[in-house]
Amino acid sequence: MIRNYKVGSPSSEVLNARVRPFEARFIQNLELKISNFGSFNPLQNTSTSSIPMASVVFEQVTKRFDTDTVVKDLNLTVHDQEFLILVGPSGCGKTTSLRMLAGLEQVTQGNIYIGDRRVNTVPPKDRDIAMVFQSYALYPHMTVYENMAFSLQLHGTAKSDIDKQVNAAARQMGIEALLNRKPKELSGGQRQRVAVCRAIVRNPAIFLMDEPLSNLDAKLRVQARAEISKLHKKLGTTFIYVTHDQVEAMTMGSRIAVMNQGILQQVDTPAHLYRHPNNLFVAGFIGSPAMNTFSATLINQDGEFYIKNEAFQVKLPDRREALMAIAPYSGKEVIFGIRPEAIHDPQYVPPDIIPATLTATVSLTEMMGNEIILYLTLPNKQECVARVDPRSTLSQTESVQIVLDLSSSYLFDANSEQMIISFNPFR
Ligand code: ATP
């Protein structure tokens, strides 16, 4: 028998106490929206949306709360079926950008398009979006099955079809055995999977995920990361995923958009972002441990360029295009950058590097199994971090020699903090 549910929203008191009011409103809106749709089968990816393509464009988007500008002139295109990561430190405007796209926040200035449709004034329920929140926002009084089925029931889908669709989604995320449990009887990882399943059965054109893994322990996060990446491949839907965790950013997305203080810094593939950061912020944010940076002066001695500060003087690689880029900085202060993996124990120097040897003391060693992290202090007391071969025997408090690989170094403008040159050979 087909169960026809009256279209209406469960009151917000019945929502999990951790659900923020806007999340509850959003989910209720989505469920109302589904009630207006024609028949569909989520797992066959047959969207009935009038939106032809699930590309997203932010065009000169600014968001102000009173006089505070929290997102400034955001220009960002997310391609149809892309998995884009929005990453940046806490408070940089990631969630606000996602909420403007979902229709939960008004845009102060600029335009947002989904496909070729400007959606600034389109209500959330008509944007064909499903959102997975950090809090999961599950209805605590409903079983897992009911949480997943609710939107389909509102739509009036036949019970046998609901059964098929819920079971297929549950199978996809490996939660078939949990369908009769209530959210309070689930672990954090299981709740997270239920929240994703509930989004899957909606068959949206766009998935928005706002730090969906941040409540999980380290091991589960690794597993859930892989699950979400596989899910994206399977569904072929546009995913926009917000995180402040740069490991998630590097491992999950096809492109990463890095934000800082409301301003988009760079959008690129993970590899290119790592090797060719636009500026000092991106260089320091992407990569763990972070890139080492040193204030230094660029010196031109008979056409050869050196980096000099109180701790070292090293000759930069003789690359023609690099020399042209750095020549205008002769005699000026610059920032010299080198990643931890480009600092080596002299006993284990890889072939084909451009070496420069320095003296340092080791203040701490961390044996990670496949590598050793060395915390070093240079003669001018500046600290830096090296990621060296696990066979290294350089030990704490020793005065040691370390080898920088200058073919993997960077220069930044000391005033604008923009990158001048990346000597990284990989493009
Ligand atoms: P996090 O990683 O901590 O969630 P975020 O990058 O997602 O941070 P947002 O939640 O987008 O950051 O917040 C950006 C800025 O906007 C913050 O300074 C925040 O305090 C402010 N903000 C967010 N919502 C409001 C609001 N409703 N009223 C006033 N200020 C707000």
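The values are calculated or read from the model by the stated rules, or taken from the named source; none is laboratory data. Since the structure is predicted, the reported quantities are computational estimates derived from the model, not experimental observations. When we count neighbours, we look across all protein chains shown, and the Cβ atoms used for this are built from the backbone with ideal geometry, even at glycine.
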**Prompt:** Does any residue of the stretch 270-286 turn out to be surrounded by 14 or more Cβ atoms within 10 Å (Cβ to Cβ), under 18 Å from LEU378 (Cβ atoms) and in contact with an Asp or Glu (Cβ under 9 Å, 6 or more places away or on another chain)?
**Reply:** no
**Request:** Show the residue pairs that are 6+ apart or on different chains and have beta-carbon atoms under 7 Å apart, the first residue being within the stretch 120-141 and on the phi > 0 side of the Ramachandran plot, the second being assigned to a strand (DSSP E or B) and crowded, with 23+ Cβ neighbours inside 10 Å.
**Result:** ASP128/ILE206
**Asked** Quick one: ASN309 ticks every box in (1) surrounded by fewer than 19 Cβ atoms within 10 Å (Cβ to Cβ); (2) under 33 Å from the mean Cα position of the chain (by Cα); (3) within 22 Å of VAL403 (Cβ to Cβ) bar one, so which box is it?
**Response** (2)
**Request:** Considering every residue within the stretch 140-154, establish whether at least one is surrounded by fewer than 24 Cβ atoms within 10 Å (Cβ to Cβ), more than 30 Å from ARG64 (Cβ to Cβ) and touching a Pro at 6+ places or on another chain (Cβ under 6 Å).
**Result:** yes
**Any hit, the stretch 149-164, residues being closer than 22 Å to LEU235 by Cβ and within 16 Å of the ligand (Cβ to nearest atom)** = no
**Item:** One residue from LEU411, LEU374 being farther than 20 Å from VAL314 by Cα, modelled with pLDDT of 95 or more and aliphatic (A, V, I, L, M)
**Value:** LEU374
**Request:** Taking only the stretch 181-210 into account, find how many residues are surrounded by fewer than 19 Cβ atoms within 10 Å (Cβ to Cβ), at pLDDT 90 or above and part of a helix (DSSP H, G or I).
**Result:** 2
**Item:** Among (1) within 16 Å of the ligand (Cβ to nearest atom); (2) at pLDDT below 95; (3) assigned to a strand (DSSP E or B) - the single one VAL258 does not satisfy
**Value:** (2)
**Asked** What are the residue pairs meeting all of these: first residue in the stretch 90-114, first residue on the phi > 0 side of the Ramachandran plot, second residue assigned to a strand (DSSP E or B) and more than 8 Å from the ligand (Cβ to nearest atom), Cβ atoms under 6 Å, and 6 or more apart or on different chains?
**Response** GLY110/GLU59; GLY110/GLN60; GLY110/VAL61; GLY110/THR62
**Request:** Scan the stretch 63-80 for residues that are in contact (Cβ under 8 Å) with a residue 40 or more places away in the chain, surrounded by fewer than 17 Cβ atoms within 10 Å (Cβ to Cβ) and within 21 Å of the chain's Cα centre (by Cα) and jot them down.
**Result:** ASP73, ASN75, HIS79, ASP80
**Request:** Hey, can you tell me all the residues within the stretch 58-99 that are within 12 Å of the ligand (Cβ to nearest atom), more than 17 Å from PHE133 (Cα to Cα) and of a type in the set (S, T, N, Q)?
**Result:** THR67, THR69
**Request:** Name every residue in the stretch 218-250 that is under 21 Å from GLY88 (Cα atoms) and among the acidic types (Asp, Glu), in order of residue number.
**Result:** ASP245, GLU248
**Asked** Which residues, taken from the stretch 211-228, are modelled with pLDDT of 85 or more, of a type outside the set (D, E, K, R) and within 16 Å of the ligand (Cβ to nearest atom)?
**Response** PRO212, LEU213
**Message:** If I go through the stretch 114-132 residue by residue, how many of them are surrounded by fewer than 23 Cβ atoms within 10 Å (Cβ to Cβ) and in a loop (DSSP other than H, G, I, E, B)?
**Reply:** 6
**Prompt:** Within the set of pairs 6+ apart or on separate chains, which have a first residue in the stretch 347-376 that is in the same structural domain as SER409 (by TED's automatic domain parsing) and surrounded by fewer than 13 Cβ atoms within 10 Å (Cβ to Cβ), a second that is among the hydroxyl-bearing types (Ser, Thr, Tyr) and part of a strand (DSSP E or B), and C-beta atoms under 6 Å apart?
**Reply:** SER363/TYR375; SER363/THR377
**Item:** Single residue of the stretch 235-263 satisfying the filter (farther than 18 Å from ALA283 by Cα and of a type in the set (A, V, I, L, M, F, W, C)) that is nearest to the chain's Cα centre (by Cα)
**Value:** VAL242
**Candidates ARG198, ARG221 - the one that is closer than 25 Å to SER288 by Cβ and either charged (D, E, K, R) or touching a Pro at 6+ places or on another chain (Cβ under 6 Å) (or both)** = ARG221
**Message:** Looking for something farther than 19 Å from TYR410 by Cβ, in contact with a helix residue (DSSP H, G or I) (Cβ under 6 Å, 6 or more places away or on another chain) and surrounded by fewer than 17 Cβ atoms within 10 Å (Cβ to Cβ) - is there at least one such residue anywhere in the stretch 323-331?
**Reply:** no
**Prompt:** Considering only residues of the stretch 281-320 that are among the basic types (Lys, Arg) and modelled with pLDDT under 90, which is nearest to LEU374 (Cα to Cα)?
**Reply:** ARG319
